[in-house]
Amino acid sequence: MFTSIAGRAVVVTGGTRGIGKGIAAVFARNDARVLITGRDAAAGEKAAADLPGDVHFVPADVSRKADCDRIAATALELFGGTDVVCANAGIFPGAGLEELTEDMLDLVLDVNLKGTFFTVQACLPALKQSGHGRIILTSSITGPITGFPGWTAYGASKAGQLGFLRTAAIELASSGVTVNAVLPGNIATEGLGDLGANYTSQMTSAIPMQKLGTVDDIGYAALFFATDEAGYITGQTIVVDGGQVLPESPEAVG
Ligand code: NAP
């Protein structure tokens, strides 16, 4: 058994649905105190009420530095500190390279990449005080390992998070704050559902386990990084994808 994380103060950006809500649920079920964020206040309040345990919501757009400062301040007010930050909020609009506009590129990088910086920077003073500070990024297999047409901007943002992670891990190592990332494959979420049935069936057939992942699958990987027992792991990634990155050809998928 791992040492309990009961009572730890956890911030999950983009925690109002999908993977972030799953991460929040796993931490809450393990008796952590959780603050979730998102832009849609009605959806956020509902998600906080739906989730089990001690879960709160603050509206925030992670692409805005002032909003991320407010997330950190709210966690301090509610919990008196922050032990774990899950920088999970992200978007994945598709556009081929020739159609990708500057506005869309800015949006994807602002939310997925700059949002990671702003979230971590805002929570850093509290994390350093924690004694077991943990930063856990939701990256992706797309970008760091694989590619998919239409996702040059998204892939660059997700690979960029790992560039951030490796240097941040070194900078923070002496303070005991670890920085790690979960790389999901294809996980059944509202956002993935928006890509349509063709996309999900195409992906399912490319996964050796022949099924999409669940938000709990990502939540438990994040929970592992948050444990005391994972305290000597930093700057690392864990792929949670049902084996999707493994096949050398479609015929290799049983
Ligand atoms: P989702 O179902 O669309 O949920 C996205 C969450 O992020 C929502 O809570 C959303 O709330 C929030 N969000 C979006 N833009 C935001 C912003 N600017 N500021 C604050 N919050 C924002 O997406 P998901 O599938 O769970 O994906 C979550 C993360 O996992 C993303 O980083 C994504 O890249 C990564 N990921 C997902 C998959 C997958 O298969 N699902 C695979 C690999 C990686 P609001 O809209 O109310 O702001």
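The values are calculated or read from the model by the stated rules, or taken from the named source; none is laboratory data. Predicted model, so just to flag it, every value in this text is computed and none were measured. As a convention, Cβ positions derive from the backbone with ideal geometry for all residues, glycine included, and neighbour counts pool all protein chains shown. Calculation scope for accessible area: heavy atoms of the full protein, side chains included, ligands and nucleic acids excluded. Shrake-Rupley method; radii C 1.70, N 1.55, O 1.52, S 1.80 Å.
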Quiz prompt | Nearest 10 degrees, 0 to 90: helix 115-130 Cα axis against the chain principal axis | solution = 30 degrees
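Indicate, rounded to the nearest 5 percent, the antiparallel portion of the DSSP beta bridges found entirely in the chain.
Numbers: 0 of 27 bridges.
Given both bridge residues lie in the chain, the antiparallel proportion sits at roughly 0 percent.
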Exercise. Using only the Cα atoms, work out Rg/Rh for the range 52-156, with Rh taken as the Kirkwood radius, to two decimals.
Key: 1.05
Quiz item: To the nearest 20 debye, what is the magnitude of the charge dipole of the range 9-242 about its Cα centre, counting +1 on the Cβ of each Lys and Arg and -1 on the Cβ of each Asp and Glu?
Solution: 340 debye
Self-check item: Value of Rg/Rh across the range 94-224 [Cα atoms, Kirkwood radius]
Solution: 1.01
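As a test of the formula, what do you get for the chain when each DSSP H run with n ≥ 4 contributes -39,500 (n - 2.57) and the sum is divided by the residue count, at 222 nm and rounded to the nearest 500 deg cm²/dmol?
-13000 deg cm²/dmol
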Self-check item: Contact order relative to length of the chain, as percent, for alpha carbon pairs under 8 angstrom and 6 or more apart
Solution: 20 percent
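Could you state, as a whole-number percent, how many of the C-alpha pairs of the chain are farther apart than 31 Å?
Values: 6202 of 32131 pairs.
In whole percent, the share of Cα-Cα pairs in the chain beyond 31 Å is 19.
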Quiz prompt | Degrees separating the helix 215-226 axis from the principal Cα axis of the chain, which is the longest one | solution = 50 degrees
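Using Cα pairs under 8 angstrom and six or more residues apart, how large is the relative contact order of the range 1-146, in percent?
Rounded, it is 24 percent for the range 1-146.
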Practice problem: For MET1 paired with ALA73, estimate the spin-label separation in nm (one decimal), with each label point 7 Å from Cα along the Cα-to-Cβ line. | Solution: 4.1 nm
Quiz item: Just in the range 147-253: which GluC sites (Glu not before Pro) are loop by DSSP and have at most 16 other Cβ atoms within 10 Å?
Solution: GLU248
Exercise. For helix 197-206, report the angle its Cα long axis makes with the longest principal axis of the Cα atoms of the chain; keep it between 0 and 90° and round to the nearest 10°.
Key: 90 degrees
Self-check item: Cα-Cα over 27 Å, subset of LYS158/LYS211; LYS46/LYS128; LYS65/LYS211
Solution: LYS46/LYS128; LYS65/LYS211
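Size of the dipole of the range 74-202 about the Cα centre, Lys and Arg at +1 and Asp and Glu at -1 on the beta carbon, nothing else charged, in debye to 20? Mind showing how you got there, number by number?
On the way: 5 positive and 11 negative charges, 126 e Å.
For this selection, approximately 600 debye.
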Quiz item: In what sequence, largest accessible area first, do LEU192, LEU105 appear using a 1.4 Å probe?
Solution: LEU105, LEU192
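Highest mean first, what order results for 1-12, 28-39, 52-63 on Cβ atoms within 10 Å?
Working: 1-12: 18.2, 28-39: 22.7, 52-63: 20.2.
By packing density, highest mean first, the sequence is 28-39, 52-63, 1-12.
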Self-check item: Heavy-atom accessible surface of the chain: percent carbon and sulfur, 1.4 Å
Solution: 55 percent
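Leaving out ligands and nucleic acids, note down the accessible area per residue over the chain with a 1.4 angstrom probe, in whole Å². Could you put the intermediate results ahead of the total?
Working: 11530 Å² over 254 residues.
Here the residues of the chain average 45 Å² of exposed surface.
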